[in-house]
Amino acid sequence: MTSRDDIMIEITPQVLLKAYSCGIFPMAESAEDPALYWIEPQNRGILPLDRAHVPRRLARTVRTTPFRVQIDTDYEGTINGCAASRPGRRSTWINARIRSLYRELFELGHCHTVEVWNGNKLVGGLYGVALGGAFFGESMFSYERDASKIALVHLVARLVAGGFTLLDTQFVTEHLRQFGTFEVDRGEFQKLLDRALKVSADFRRLPADASSVEILSVLAADERSSGHVSARSR
């Protein structure tokens, strides 16, 4: 379900957070369109934090990569990467209003970035919104192989360590499905969201410069505590 806002109505960060708490998020038709659409999908993508799957090859890449992962240091670079055109996608839904609103959320501490750096070059990352024990993934990008996947692994470990209970991916893609992402209907999503909003979570409980060893240790400990055996450990 979608609805278009009147472009004269001011959407503040507080209005945006309220929308997230109701299971709604904004998108634009294109970067050039000044209006926003409120989106409430019938089915919602969920990456289960208690049994997230990291493929064996990707775990090895995370462990050995020379890339450096940082948190919340380059909002503009991350949003630019997410908005950039790339093969198979000429346009973007990230318009000027999206950029401005999420920048305000970033300054308020509700929007976070996970950035993957190769030396001094930003080569991948993602951003999303934290509210209570819920994290709403918005977009990710990659200029080098596996960079966005590395960012996602770091995000999941950070959410697990911080006590989050819900990672909303909005939609399910093949990229996300390999991590265990699945769909729930709108009613089930709202139940999960209502419970998550009552949780006091901390996105920064892990050090901002947590190493790949620390990240993988968090995920391994979470797997053991949940009793879940993933394909990578069989």
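The values are calculated or read from the model by the stated rules, or taken from the named source; none is laboratory data. Quick caveat: nothing in here was measured; it's all calculated off a predicted structure. Neighbour counts run over all protein chains shown; Cβ positions are idealised from the backbone, glycine included. Side chains included, ligands, DNA and RNA excluded: accessible areas come from the protein's heavy atoms. Shrake-Rupley method; radii C 1.70, N 1.55, O 1.52, S 1.80 Å.
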Self-check item: Rounded FRET efficiency, nearest 0.05, which uses the C-beta distance separating Thr64 from Phe171 and R0 of 25 Å
Solution: 0.25
Quiz prompt | Solvent-accessible ranking of Tyr37, Tyr102, largest area first, probe 1.4 Å | solution = Tyr37, Tyr102
Quiz item: What does the accessible area per residue of the chain come to in Å², with a 1.4 Å probe and no ligands, DNA or RNA counted?
Solution: 47 Å²
Exercise. Excluding residues fewer than 8 places away in the same chain, name every one of the aspartates and glutamates whose C-alpha is closer than 18 Å to that of Lys191.
Key: Glu40, Asp50, Asp168, Glu183
Self-check item: Radius of gyration, Dmax [region 101-234; alpha carbons; angstrom]
Solution: 14.9, 45
Practice problem: Calculate, in nm to one decimal, what Ser21 and Phe182 gain on full extension: separation in residues at 0.36 nm each, minus their alpha carbon distance. | Solution: 55.9 nm
Practice problem: Just report the Cα centroid separation between region 27-72 and region 125-175, whole Å. | Solution: 4 Å
Quiz item: Considering the Cα trace of the chain, what is its radius of gyration and what is Dmax, both in angstroms?
Solution: 17.0, 56
Exercise. Quantify, in whole percent, the carbon and sulfur part of the accessible surface of the chain (1.4 Å probe; protein heavy atoms only).
Key: 52 percent
Quiz item: Which FRET efficiency value, to the nearest 0.05, is calculated for Lys191 and Glu104 with the Förster distance at 22 angstrom and r the Cβ-Cβ distance?
Solution: 0.15
Exercise. With a point put 7 Å past each Cα toward its Cβ, work out how far Ile11 is from Arg205 in nm, to one decimal.
Key: 3.1 nm
